[in-house]
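Engineer: Quick one: the structure is below, questions incoming.
The values are calculated or read from the model by the stated rules, or taken from the named source; none is laboratory data. No experiment lies behind these values; they were computed from the predicted model shown. All Cβ positions, even for glycine, are placed from backbone atoms using ideal geometry, and neighbour counts span all protein chains on display. Only protein heavy atoms, including side chains, enter the accessible area calculation; ligands, DNA and RNA are left aside. Shrake-Rupley method; radii C 1.70, N 1.55, O 1.52, S 1.80 Å.
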Amino acid sequence: MNTPRPIVLPERFELDREIGRGGMAVVYRAQDRHLDRLVAIKVLSADLSDTVGAERFQREVALMAKLVHPGIVALFDSGVTDGRLYYVMPFVSGETLRARLTRERRIAPPECAALGADIAEALAYAHGHGIVHRDVKPENVFTVSGRALLADFGIARVVNDLTRDGAEQLTSTGMVLGTVAYMSPEQAAGEVHLDGRADLYSLGCLLYELLTGAPPFTAPTLMGMLAKHMTEVPRPPSDRGVALSPELDAMVLQLLAKEPAHRPTNAGEVARVLRAASHSRSTHSTRVAAPEALRESGNLDAVTVGAIEFPDGDRECEPIAIALGSAIASSLCAVPALRVTVSEHRGTAAPRHDTTILGSVRRSGNRVRVSMRVTAADGTMEWSQHADGTLDDLFALEDSVAAAVLQHFNERTSQAAAVARGRGTARVKGATSDADHLVAEGMNAFNRFGSTGGAAAVTSLEEAKAYLTRALALEPRHARGLCAMGNLWYVSAANGLVPREEGRARGRELIFSALAADDKCAEVHCSLGKLALYHDDDFHAASRHVRRAVELDPSEPEGLRLLSIIYKILGRSEDSVNAARAATESALDSAPLWNTLGDALLAAGRNAEAVDALKQAIRLLPAYGPALERLELARTRLGEFDLAMEIRVSRMRLAGQRERAAQLELSAVALGPAEAIRADVRRELDGLREQATRSDPFADYVRRNVADRIVSGHAELGEWSQAMDWVERSYDNRPGRLRRMLADLPVDYRGLAADPRYARLMRVAGLEEQM
């Protein structure tokens, strides 16, 4: 038996060992002296290298570099060695799903669904860029901290960008792209023009194996396997001894449909269903988990989502009904005060004490009508509504129905919370004086500032100042009043309403006066935490004060919001989500808290859930800029570039940039939404760089400064060297802010590791744990 000779790598790489081998490539682990870190190098076989060719390979690499997504393993570099093509990726410390399957044989359905949702979101993003993976299999999926990362877009090709000659070349070599056990029927048939639905079939094969321990089809020969993919109907996973929810069972089978037209329309739709199924608790129902603190308290409303009815035998309505039930259950995850159960079968009765959501789907030609109602435990109807749509845009109909149900339960829960608190939106703990109530009214006005901008926002700030001034006239050492007034001065300075240095100095003085008045006031420690995090660039002091605030008052929403941010910066994504959920439960009508929850879900890679939370923030404050920005990011990560563009256009118009909005819309017609957004990011970058020559780009201490936005723009475009230039400049100007820059802004900066300065800077800053 011949031993393969070692590959000859460029001098910058110190070869460690071979870590994988297949028919098309060999993977090596190596130390990259240039980047000062371990990397994985995939070297294509000689035959594939000859077929693809260096010129086309570089074109493919340039396309892969566009895939900037937290669920996709980044691309560092590429080249030719020893006559063979190679590309360089980060060495992922987690294990592949293949390694895990070898060890455990199968994975529990809820975790399987969560991993599948991660993969589907990554695919949705790639498909939105016109890139098909073509080789989705357990070997190409890594798990890191419970999340799935999809690797190896190395054989991806742009949809409809292949020449007939190129296709014939590949066929003539006898190669078949994709691994046979996970290959779609259209790949097996040798079709040239594949779209994202081929990847969805492969995802179905992968999920099937994760659930059952074996692929859906096996055969002793290659041709036998290909024939089964093309002709044999798979058994449902539930028929192979797996206890899983009907929704997950149905989704796997739909992904495995022989005809692409019978599979889900896009990966984003799959991600939503799988994310809802990831909350499954038993064979008979899907349980949506509530935050631990609420589960322990027992203060949860029981809600059952009944199976959506549809006419017997209507194949068009059945998948719509299933998807609607999953979408409604998923949207209700955003209401922490609910314990949600999804019925297994049509006609299943709800438990006696549950509120029940019922509905029906009817179709007339291309038109679809969905009727929904909510009945109380005693059988009385408390809400009903219907929505109309078409078979051409079921996604919009699903969103509309889920949003309407979510709004009803948010309003119901918010009203109950207000009654429990005894005074509307103001949280007054132990309020016994007129000053207490004046401070509460002042804070309500203060929290409305910035919702719409312009004169209305300034009026809210002036109203807040009037209430707080009266409160402090009555009680000059009122800690919460002093603290609120200090925050008001800071915000006024940040928005140019008072001289910046004067406002900051006055704000700091008032907040420390509040500390002197009462060092056991949670709101005071919240403000000190914000002061440390956003103004003093002292993350450790911020963490100390925020933890103290939550210790003093575990239900203080602002403390929980800040704790969520601290956890996010530390990389503790699940703790961040839990803290943010608890914050929304304490103040259901606060848009900033829902925005924080959306931000935490984005950091956790749970983009479909983030959409629901961010929608709630925008319902409360329709022009709320931070939530709109994050909703655009969530839509982008789900590959929904048309919806992302609509949000981006709305943000521009709200900011008075009507000409730029019109230009973006025209570009979308000519280039498509994904490329139009990239072009707009490029225009924005040009403007920001010009602005950086006229004013200090590092000056803003609360919002993202100009330097942050420049780094974000380059990162969004995958321009890591230019992004790193500005990261270095930012560190030189404000070194204590580096941790926040790399972990608290709504963008994925992991591709910065493609620059040799990254590892050095992270070590100097003492942030090796974030590499």
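Engineer: In region 367-394, how many residues are open to solvent by less than 90 Å² (accessible area, probe 1.4 Å) and either within 24 Å of PRO246 (Cβ to Cβ) or at pLDDT 80 or above (or both)?
Structural biologist: Residues in region 367-394 being open to solvent by less than 90 Å² (accessible area, probe 1.4 Å) and either within 24 Å of PRO246 (Cβ to Cβ) or at pLDDT 80 or above (or both): 16 in total.
Engineer: In addition: Which one of these is modelled with pLDDT of 90 or more, open to solvent by 70 Å² or more (accessible area, probe 1.4 Å) and out of contact with any strand residue (DSSP E or B) (no Cβ under 9 Å at 6 or more places or on another chain): ASP696, ASP708?
Structural biologist: Testing whether each residue is modelled with pLDDT of 90 or more, open to solvent by 70 Å² or more (accessible area, probe 1.4 Å) and out of contact with any strand residue (DSSP E or B) (no Cβ under 9 Å at 6 or more places or on another chain) leaves just ASP696.
Engineer: Also: Scan (1) within 28 Å of the chain's Cα centre (by Cα); (2) open to solvent by 20 Å² or more (accessible area, probe 1.4 Å); (3) modelled with pLDDT of 85 or more for the single condition ARG281 breaks and write down its number.
Structural biologist: Against the list (1) within 28 Å of the chain's Cα centre (by Cα); (2) open to solvent by 20 Å² or more (accessible area, probe 1.4 Å); (3) modelled with pLDDT of 85 or more, ARG281 comes up short only on (3).
Engineer: If you don't mind, there's one more thing I want to ask. Restricted to region 552-571, and to residues that are assigned to a helix (DSSP H, G or I) and touching a residue at least 60 places away in the same chain (Cβ under 8 Å), which residue is farthest from LEU597 (Cα to Cα)?
Structural biologist: Across region 552-571, the extreme among qualifying residues is ILE569.
Engineer: Would you confirm whether or not region 165-179 contains a residue that is among the acidic types (Asp, Glu) and at pLDDT below 90?
Structural biologist: Scanning region 165-179 turns up at least one residue that is among the acidic types (Asp, Glu) and at pLDDT below 90.
Engineer: Every residue in region 12-29 that is at pLDDT below 85 and in a loop (DSSP other than H, G, I, E, B), please.
Structural biologist: Result: GLY22, GLY23, MET24.
Engineer: Scan region 637-662 for residues that are out of contact with any Lys or Arg (no Cβ under 8 Å at 6 or more places or on another chain) and assigned to a helix (DSSP H, G or I) and report the count.
Structural biologist: 13
Engineer: Follow-up question, since we're still on this one. For region 229-247, how many residues are buried (at least 20 other Cβ atoms within 10 Å of the Cβ) and farther than 17 Å from GLY116 by Cβ?
Structural biologist: Total satisfying the criteria: 1.
Residue-by-condition table, conditions (1) of a type in the set (A, V, I, L, M, F, W, C); (2) over 29 Å from ALA583 (Cα atoms); (3) open to solvent by less than 50 Å² (accessible area, probe 1.4 Å):
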{"position": "LEU620", "(1), (2), (3)": "yes, no, no"}
{"position": "ALA634", "(1), (2), (3)": "yes, no, yes"}
{"position": "GLY656", "(1), (2), (3)": "no, yes, no"}
{"position": "ARG678", "(1), (2), (3)": "no, yes, yes"}
{"position": "VAL681", "(1), (2), (3)": "yes, yes, yes"}
{"position": "ASP686", "(1), (2), (3)": "no, yes, no"}
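Engineer: Just checking, does region 516-533 include any residue being polar (S, T, N, Q), in a helix (DSSP H, G or I), in contact with a helix residue (DSSP H, G or I) (Cβ under 8 Å, 6 or more places away or on another chain) and free of Cβ contacts under 8 Å to residues at least 40 places away in the same chain?
Structural biologist: There is no residue in region 516-533 that is polar (S, T, N, Q), in a helix (DSSP H, G or I), in contact with a helix residue (DSSP H, G or I) (Cβ under 8 Å, 6 or more places away or on another chain) and free of Cβ contacts under 8 Å to residues at least 40 places away in the same chain.
Engineer: Taking region 501-518 as the search range and keeping residues that are of a type in the set (A, V, I, L, M, F, W, C) and under 10 Å from LEU531 (Cβ atoms), which one is nearest to the chain's Cα centre (by Cα)?
Structural biologist: Once the filter is applied, the top-ranked residue is ILE511.
Engineer: Here is a further query. Hey, ALA334 hits all of (1) modelled with pLDDT of 75 or more; (2) in contact with an Asp or Glu (Cβ under 8 Å, 6 or more places away or on another chain) but one; which does it fall short on?
Structural biologist: In the conditions (1) modelled with pLDDT of 75 or more; (2) in contact with an Asp or Glu (Cβ under 8 Å, 6 or more places away or on another chain), ALA334 misses (1) alone.
Engineer: Tell me, please, whether a residue that is among the hydrophobic types (A, V, I, L, M, F, W, C), closer than 25 Å to THR596 by Cβ, over 24 Å from the mean Cα position of the chain (by Cα) and not in a helix (DSSP H, G or I) can be found in region 756-765.
Structural biologist: No, every residue in region 756-765 fails to be among the hydrophobic types (A, V, I, L, M, F, W, C), closer than 25 Å to THR596 by Cβ, over 24 Å from the mean Cα position of the chain (by Cα) and not in a helix (DSSP H, G or I).
Engineer: Here's something else I'd like to know. Collect the residues in region 98-113 that are surrounded by fewer than 23 Cβ atoms within 10 Å (Cβ to Cβ) and not hydroxyl-bearing (Ser, Thr, Tyr), keeping them in residue-number order.
Structural biologist: Within region 98-113, ARG98, ALA99, ARG100, LEU101, ARG103, GLU104, ARG105, ARG106, ILE107, ALA108, PRO110, GLU111 meet the criteria.
Engineer: Let me ask something else about it. Suppose the filter is surrounded by fewer than 23 Cβ atoms within 10 Å (Cβ to Cβ), at pLDDT below 95 and not in a helix (DSSP H, G or I); does ALA250 pass it?
Structural biologist: The answer is no for ALA250.
Engineer: Looking at region 43-58, which of its residues are closer than 19 Å to GLU18 by Cα and open to solvent by 40 Å² or more (accessible area, probe 1.4 Å)?
Structural biologist: Matches in region 43-58: ALA46 only.
Engineer: Could I ask something else about it? Please specify each residue of region 715-735 satisfying the condition of being surrounded by 16 or more Cβ atoms within 10 Å (Cβ to Cβ) and touching a Phe, Trp or Tyr at 6+ places or on another chain (Cβ under 7 Å).
Structural biologist: Once the filter is applied, which keeps residues that are surrounded by 16 or more Cβ atoms within 10 Å (Cβ to Cβ) and touching a Phe, Trp or Tyr at 6+ places or on another chain (Cβ under 7 Å), region 715-735 yields ALA715, MET724, SER730, ARG734.
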